[in-house]
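The values are calculated or read from the model by the stated rules, or taken from the named source; none is laboratory data. It should be emphasised that the depicted structure is a prediction, and the values quoted were computed from it without experimental measurement. Note: ideal-geometry Cβ built from the backbone for every residue, glycine included; neighbour counts use all protein chains shown. Surface areas here come from the heavy atoms of the whole protein model, side chains and all, with no ligands, DNA or RNA. Shrake-Rupley method; radii C 1.70, N 1.55, O 1.52, S 1.80 Å.
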Amino acid sequence: MRRYTLIMKPTILLLERLAALIHQGVRDNAARHGLLPIHIQVLSYLTQANGYSNLPIAIAEYFGITRGTVSQTLAVLERRGLLVKEKDARHGKRVHLKLTPAGEAILEDSWAKRVETALQLMTPDAQTFEKSLRGLLIGLQQLNGQRPFGVCRKCAHFLVELAGARCGLTGEPLIEEQTVRICREWTAPQFEET
Ligand code: SF4
């Protein structure tokens, strides 16, 4: 009978080490500001999320946490003056979450900056690397039954018309700044751009 080996493939080991290093960076960041890692992660998420995704429900989906945990997390961030809730002009009960300048300042020296520096030093072919990572992420999210949260411009519903960009799912126009953000309604295009 073939013996099962516990030795990880090099790629999996590398991903495991990277995940551990990044998590450590998030923990250090959080500790410096008297916060928990989830607080930093939520602030960081909100800087990336578009107008359909800067909502409490989207945070629960993105991190795979309960609505109760999201409420507690948001309460701390609001109390610390790091984010504000803004009522949606058209949907009465919906609130959009926005970072305050103090919230943005916390991310200034974040772990993400260090990863960005390492990436710049690393590869002349960052696009190929990013594409491979995105493929792996989408595969894992599908296995876990999670929404993919991709970048708007690379969504199957993204339309560019004479009047500008528009979301084919909701029919709403998209301002430039929203098209580079991530969205909970994102759908993979049939043939992805290279
Ligand atoms: S085009 Fe796709 S990603 Fe962009 S807002 Fe619409 S559903 Fe979201």
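Key figures for this structure:
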item: Heavy-atom surface of the stretch 54-151, accessible at 1.4 Å and reported per residue (Å²); result: 67
item: 222 nm mean residue ellipticity, helices alone, for the chain (DSSP H n ≥ 4; -39,500 (n - 2.57); rounded to 500); result: -15500 deg cm²/dmol
item: Long-range HN-HN contacts of Phe158 with modeled amide H, under 5 Å; result: Gly168
item: Percent of beta bridges antiparallel (DSSP, the chain, rounded to nearest 5); result: 90
item: Arg94 long-range amide H proximity, modeled H, under 5 Å; result: Asp88
item: Leu174 long-range amide H proximity, modeled H, under 5 Å; result: Ala165, Arg166, Cys167
item: Of all accessible heavy-atom area on the chain, the percent that carbon and sulfur account for (1.4 Å); result: 59
item: Candidates per chymotrypsin sites (Phe, Trp or Tyr not before Pro) in the stretch 1-105, loop by DSSP, up to 12 other Cβ within 10 Å; result: Tyr4
item: The stretch 26-34 - phi-based ³J(HN,Hα) in whole Hz, Karplus 6.51/-1.76/1.60, Gly and Pro as x; result: 5, 4, 4, 4, 4, 4, 4, 10, x
item: Cβ charges +1 (Lys, Arg) and -1 (Asp, Glu), total dipole of the chain, debye; result: 720
item: Loop-located trypsin sites (Lys or Arg not before Pro) in the stretch 90-133, at most 10 other Cβ atoms within 10 Å (DSSP); result: Arg90, Lys93
